[in-house]
Structures are given as C-alpha cells and as structure tokens.
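The values are calculated or read from the model by the stated rules, or taken from the named source; none is laboratory data. Every value quoted in this text rests on a predicted model; they were computed, and no experiment measured them. Note that we place each Cβ from the backbone using ideal geometry, even for glycine, and neighbour counts take in every protein chain shown. For the accessible areas, the whole protein counts, side chains as well, though only heavy atoms, and no ligand, DNA or RNA atoms are used. Shrake-Rupley method; radii C 1.70, N 1.55, O 1.52, S 1.80 Å.
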Amino acid sequence: MELGKEVYFDNVIPHDVSLMIEKEVEKLVSSYRDEDPWTAELDAVMESQYKKEQYLLLNWLNQIYTPDRVLYAGSGSDILPKFVFGEEKVVHVSIENYLGWTIKYFPELGSDMMVVADNNNLPFPNQYFDLVVFFGLSTDSTKQQIIEATKVLKENGLLVMDNIVADGLDFKEVLQHFQRVFPSYQSVDRSFEELEFFTFLKC
C-alpha cells in the first residue's frame, strides 16, 4: 500500500486491545479513584477514547507503512505503540534518571528497548528511524524536541503527533521539508472533537 491512497480499515477495536487499554487506563486513575471517583471515571472515559483513537491511527500506519524502526520520544509508560508495531521495533525514550529526574516509567514498559535520554539531544544517528511518534507531550521545549526528532528520521519517514504536542507549533517553520499526510482511518466516535492527530512525511 502507498501513503496518499484512500485506504479504509474497520473501526473495530479487537478484544485483546480493548482489554489492554482498560488495564492501562485503570493504572492511570487508580491512585485517586477512591478519593475522587467522579473525576477518575470521567478521566477514564476520556483516556480510553484517546487510546482507542491512538490505536486506530497506529494500526493504520502499521498496515499502510510497515515501519521497521520506531522512536517513541517521551514515551512515559505508554505501551500502545509496542503493542501495535511489536516491541522489537519500538525504542522508548524517557528522561528518567537523567539530571536527577525522579519519575520512573521504564519498569512499567516490560522488556522493550528503552533509552534514558533528553529529547532535546537524542543519542541516535541521523536518519535512523522510519517513524517517530510524540503523544501527550507539552513542554516549553516541544519545538526543539520536534526539530531534534526530524534529524533522526529517515527521508520518506513519518512524524506523528497529537494536538497536545502540535498546540502552538508553526508547522511551516518547524517542518519545512515535510508534507502533511491525511490518514483515512475511521474514528470510533466523531463526538470526541478535542482529539486530532497529525502525520507528516519527510521529503
């Protein structure tokens, strides 16, 4: 298959994926479910919907693009990309243990390929990855992190981000040599208006 073609896939979330998403969402809200059950339930619904949409996008990319090497920059404890692409293909980058950072995500990721590093200075060769994904990352240095990620992305590679990451970015400035790709996967629930994904092809 080729990017740019109108290719549609069923918007059915497989049972094993749904179970995995439910488990991951519960881990996120369990710390405050007893203290604030209403907020926890609302957050669980929103996070579950986000992860389902994320799965559909990643699954679409896996079927139409089939990347061999994926960078998940600032991955935290999110296991969904490795679930879709396979843990032998996904490299997780986290800042834990870096410059005194105290949050520990890697123990929750299992046996993946994990690299402690700063997204502003990635320790990989130029043009190393077929696909780079940024999800849920919003920092003062987001622009610089995206620019750094473009260096380690191969020509004809894909850069994917959600609207949390894209907020405030000037695509024409940051992604001068990229072309926007419009995926044709079907959304689970179009009432979830706040969510948007952006996919760019490095030319």
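For the range 138-154, name all the residues that are open to solvent by 30 Å² or more (accessible area, probe 1.4 Å) and either in contact with a helix residue (DSSP H, G or I) (Cβ under 9 Å, 6 or more places away or on another chain) or farther than 19 Å from TYR65 by Cα (or both). SER138, THR139, ASP140, SER141, LYS143, GLN144, ILE147, LYS151, listed by residue number. Of the residues contained in the range 155-164, none is found to be modelled with pLDDT under 95 and assigned to a loop (DSSP other than H, G, I, E, B). I'd like the residue in the range 62-96 that is modelled with pLDDT of 90 or more, of a type in the set (A, V, I, L, M, F, W, C) and in a helix (DSSP H, G or I) and, out of all such residues, is farthest from LYS27 (Cα to Cα). Filtering first and then ranking leaves PHE85. Looking across the range 129-145, the residues that are touching a strand residue (DSSP E or B) at 6+ places or on another chain (Cβ under 7 Å) and part of a loop (DSSP other than H, G, I, E, B) come down to PHE135, GLY136. What number of residues within the range 155-167 satisfy the criterion of being of a type in the set (A, V, I, L, M, F, W, C) and surrounded by fewer than 19 Cβ atoms within 10 Å (Cβ to Cβ)? Number of matching residues: 2. I need every pair where a residue in the range 37-53 that is open to solvent by 30 Å² or more (accessible area, probe 1.4 Å) has its Cβ under 7 Å from the Cβ of a residue that is in a helix (DSSP H, G or I) and hydrophobic (A, V, I, L, M, F, W, C), sequence separation at least 6 or different chains. Short answer, once both residue conditions are applied: ASP43/VAL29; GLU47/VAL25; GLU47/LEU28; LYS52/ILE21.
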